[in-house]
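Take a look at the structure set out below.
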Amino acid sequence: AQKVTQAQTEISVVEKEDVTLDCVYETRDTTYYLFWYKQPPSGELVFLIRRNSFDEQNEISGRYSWNFQKSTSSFNFTITASQVVDSAVYFCALSVTNTGTASKLTFGTGTRLQVTL
Amino acid sequence: SAVISQKPSRDICQRGTSLTIQCQVDSQVTMMFWYRQQPGQSLTLIATANQGSEATYESGFVIDKFPISRPNLTFSTLTVSNMSPEDSSIYLCSVGPGLFDTQYFGPGTRLTVL
């Protein structure tokens, strides 16, 4: 069975601060995908990034960066110079791919990020 | 990514009634899923909507309570039957596989049951 743990329930930062959202996952499968989604107050779930289990290269996209470490089963997400518009709930998710079809996503409990002026 | 729409976007319903939620995609997709997000909680998969056959339900969800239809590769419906206040949630459909197994989500339907 798969499991995703986001230990941080809520984080509050002041604008322009850097913030890291933690994600720890558990799976016995060797092939899997990890995701981060953003859910703003409107409720829509916005895809941010996907990483497969064979690609440990870290990724940077603008103010966003992701650190994937298989040795610690972690896939952490850092926002640099946070902005008020970053305020949302962020979900980490895991899927185990079988025969190339999209498998169900196992979500963490989410981290609510509040960025204030 | 595919453009996904859901109807209604929100609704307030009375206990004991049923509501059907529609999910429409602008392109043919292989997989469609329905998730529930209870207030302040994470997302839980209800079922996988299979085109031309019965949906595959996750543990804890049954067809009598959440009947699902998928008549073609771009459309699916989820019905929440005999509703109670505990069914108050956001219901989201998702589609996949996208590029590298990514699932994309619709805007969600906010349901309140009184």
> In terms of modelled amide H atoms, which long-range or inter-chain residues lie less than 5 Å from the amide H of B:Lys65?
Replying inline: none
>> With the cut-off at 1.5 for a/c, could you classify chain B from its C-alpha gyration tensor as rounded, prolate or oblate?
In response: prolate
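Could you check how much of the accessible area of the protein assembly as shown is carbon and sulfur, as a whole percent, using a 1.4 Å probe? Let's see the in-between values first.
On the way: 5370 of 11080 Å².
The computed percentage sits at 48.
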> What whole number of Å gives the distance from the Cα centroid of the stretch B:44-114 to the Cα centroid of the stretch A:1-61?
Replying inline: 23 Å
> Once phi is turned into θ = phi - 60°, what whole-Hz ³J(HN,Hα) does the Karplus curve with 6.51, -1.76 and 1.60 give for every residue of the stretch B:74-87, x standing for Gly and Pro?
Replying inline: 10, 8, 8, 10, 10, 9, 9, 9, 6, 5, 10, x, 5, 7
> Once amide H atoms are placed 1.01 Å from N in the peptide plane, what residues at a sequence separation of 5 or more from B:Cys13, or on another chain, have their amide H within under 5 Å of its amide H?
Replying inline: B:Thr112, B:Val113, B:Leu114
> Which of the trypsin sites (Lys or Arg not before Pro) found in the stretch A:13-87 are in a DSSP loop and have at most 11 neighbouring Cβ atoms, other than their own, within 10 Å?
Replying inline: A:Lys16, A:Arg28
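Can you list which of the chymotrypsin sites (Phe, Trp or Tyr not before Pro) found in the stretch A:21-104 are DSSP loop residues with at most 12 other C-beta atoms within 10 Å?
Numbers: sites: A:Tyr25, A:Tyr32, A:Tyr33, A:Phe35, A:Trp36, A:Tyr37, A:Phe47, A:Phe54, A:Tyr64, A:Trp66, A:Phe68, A:Phe75, A:Phe77, A:Tyr90, A:Phe91; in loops: A:Tyr32, A:Phe54.
In loop regions of the stretch A:21-104 (DSSP not H, G, I, E or B), the sparsely surrounded chymotrypsin sites (Phe, Trp or Tyr not before Pro) are A:Phe54.
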> For the stretch A:27-41, what does the Karplus curve 6.51 cos²θ - 1.76 cosθ + 1.60, with θ = phi - 60°, yield as ³J(HN,Hα) per residue in whole Hz, taken in order and with x for Gly and Pro?
Replying inline: 7, 9, 6, 8, 10, 7, 10, 10, 9, 10, 10, 10, 10, x, x
> What residues have an amide H closer than 5 Å to that of A:Gln114, excluding those fewer than 5 places away on the same chain, when H is modeled at 1.01 Å from N in the peptide plane?
Replying inline: A:Ile11, A:Ser12, A:Val13
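Please report the antiparallel percentage of DSSP beta bridges with both residues in chain A, rounded to the nearest 5.
Values: 35 of 40 bridges.
For chain A, the DSSP antiparallel bridge percentage is about 90.
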> By a straight-distance test (C-alpha under 16 Å), which aspartates and glutamates pair with B:Lys7 as possible cross-link partners, with residues fewer than eight away in the same chain excluded?
Replying inline: A:Glu44, B:Asp26
> Applying the Karplus parametrisation 6.51 cos²θ - 1.76 cosθ + 1.60 with θ = phi - 60° to the phi angles of the stretch B:58-69, what ³J(HN,Hα) value in whole Hz is obtained for each residue in order, glycine and proline being reported as x?
Replying inline: 7, 4, x, 10, 10, 5, 5, 8, 10, x, 10, 10
> Which cysteines does chain B leave without a neighbouring Cys Cβ under 4.7 Å?
Replying inline: B:Cys13
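Around B:Leu78, what is the net charge, scoring Lys/Arg as +1 and Asp/Glu as -1 over all other residues with Cβ under 12 Å from its Cβ?
On the way: positive: B:Lys7, B:Arg36, B:Lys65, B:Arg70; negative: B:Asp87.
It works out to a net charge of +3.
The values are calculated or read from the model by the stated rules, or taken from the named source; none is laboratory data. Computed from a prediction, not measured in an experiment: that's the story for all the values here. Cβ sites come from the backbone with ideal geometry, for glycine too, and all protein chains shown count toward neighbours. Keep in mind that these areas ignore ligands, DNA and RNA; they rest on the heavy atoms of the full protein, side chains included. Shrake-Rupley method; radii C 1.70, N 1.55, O 1.52, S 1.80 Å.
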